[in-house]
Amino acid sequence: MDLIKELLIEQSVNNIGNKIKLLRTQQKFSLQQLAGRTGVSSTAIHKIERGEMTPTITVLMKIASVFGKTVGYFVGEEQEFNHFEFVEGAEFYQSEERKRISNSKRTIEIEPVAIRLCDGKIYAAVMRFMPGEHSSRGTHSHHGEELIYQIEGSIEYTVSGKAYVLKPRDSLHFLATQPHSWRVIGKKRCVHLWIMTPPPSGATELQWRDIHAE
């Protein structure tokens with residue numbers, strides 16, 4: 001699902017900025033001081049820290065050298081995620097154990113509920129959308145099947161040109177190879193359980209790692 005990949009990319013960009021800001025404050029550098037040491041403008045550093053700008057590799061190398069880090073530190077390659085473990089037989093979470101990912105505007109939130117079962121064939125998540133949200137890339141298609149069970153609010157799915165309006169307790173199951181899109185209807189938050197098989201590419205260990213990254 002393109003939405004998941006987009007949110008993970010956005011989250012990764014934000015994590016870079018968060019790490020830079022954390023290191024800068026730990027070493028008590030002002031924006032101007034870090035700019036002087038790196039040759040990167042304080043305005044650019046400020047935008048990177050806020051997730052408003054994606055740094056180039058060259059910029060990251062300059063910043064990393066000041067803090068004695070590698071570029072890999074900022075993009076997550078050096079982190080250990082020992083808390084990720086595939087499970088055998090059954091996957092169980094208490095509600096407080098599930099982590100969530102969201103976009104910077106906090107208008108889309110994904111809460112995975114099925115992600116790490118060994119040899120699992122489905123991906124499932126509780127999806128929350130604020131009014132006005134819609135498919136960012138318009139109509140799309142991919143391999144597999146999708147199942148939506150509506151919990152709160154209303155959403156319209158268009159599959160192969162036919163529109164389906166889902167209200168609480170309605171469901172929709174379709175082959176994802178068909179062109180499809182969605183949009184939230186009305187002024188209330190939309191919540192539904194979304195199930196996909198097979199899991200989207202990278203939706204197991206990679207996503208769990210990113211979702212749980214500190």
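The values are calculated or read from the model by the stated rules, or taken from the named source; none is laboratory data. Just so it is clear, the structure is predicted and the values come from calculations on it, not from any experiment. Here the Cβ is made from the backbone with ideal geometry for all residues, glycine too, and neighbour counts use every protein chain on show.
Which one is nearest to T25 (Cα to Cα), of the residues in segment 36-61 that are surrounded by fewer than 18 Cβ atoms within 10 Å (Cβ to Cβ) and among the polar types (S, T, N, Q)?
Looking at residues that are surrounded by fewer than 18 Cβ atoms within 10 Å (Cβ to Cβ) and among the polar types (S, T, N, Q), I get S42.
Among the residues of segment 133-145, is any surrounded by 16 or more Cβ atoms within 10 Å (Cβ to Cβ), over 30 Å from I48 (Cβ atoms) and in contact with a strand residue (DSSP E or B) (Cβ under 9 Å, 6 or more places away or on another chain)?
Looking through segment 133-145, at least one residue is surrounded by 16 or more Cβ atoms within 10 Å (Cβ to Cβ), over 30 Å from I48 (Cβ atoms) and in contact with a strand residue (DSSP E or B) (Cβ under 9 Å, 6 or more places away or on another chain).
If we scan segment 62-77, do we find a residue that is surrounded by fewer than 13 Cβ atoms within 10 Å (Cβ to Cβ) and either in contact with a strand residue (DSSP E or B) (Cβ under 7 Å, 6 or more places away or on another chain) or at pLDDT 80 or above (or both)?
Looking for residues that are surrounded by fewer than 13 Cβ atoms within 10 Å (Cβ to Cβ) and either in contact with a strand residue (DSSP E or B) (Cβ under 7 Å, 6 or more places away or on another chain) or at pLDDT 80 or above (or both), one finds at least one in segment 62-77, hence yes.
Inspect all residues belonging to segment 127-144 and state whether any of them is farther than 26 Å from A163 by Cα, at pLDDT 85 or above and out of contact with any Phe, Trp or Tyr (no Cβ under 7 Å at 6 or more places or on another chain).
No, because not a single residue in segment 127-144 is farther than 26 Å from A163 by Cα, at pLDDT 85 or above and out of contact with any Phe, Trp or Tyr (no Cβ under 7 Å at 6 or more places or on another chain).
Which one of the conditions (1) touching a residue at least 40 places away in the same chain (Cβ under 8 Å); (2) in a loop (DSSP other than H, G, I, E, B) does K105 fail to meet, given that it meets all the rest?
(1)
Tell me yes or no: at least one residue of segment 122-132 is part of a loop (DSSP other than H, G, I, E, B), outside the structural domain of K188 (by TED's automatic domain parsing) and either surrounded by fewer than 17 Cβ atoms within 10 Å (Cβ to Cβ) or in contact with a strand residue (DSSP E or B) (Cβ under 6 Å, 6 or more places away or on another chain) (or both).
Among the residues of segment 122-132, not one is part of a loop (DSSP other than H, G, I, E, B), outside the structural domain of K188 (by TED's automatic domain parsing) and either surrounded by fewer than 17 Cβ atoms within 10 Å (Cβ to Cβ) or in contact with a strand residue (DSSP E or B) (Cβ under 6 Å, 6 or more places away or on another chain) (or both), which makes the answer no.
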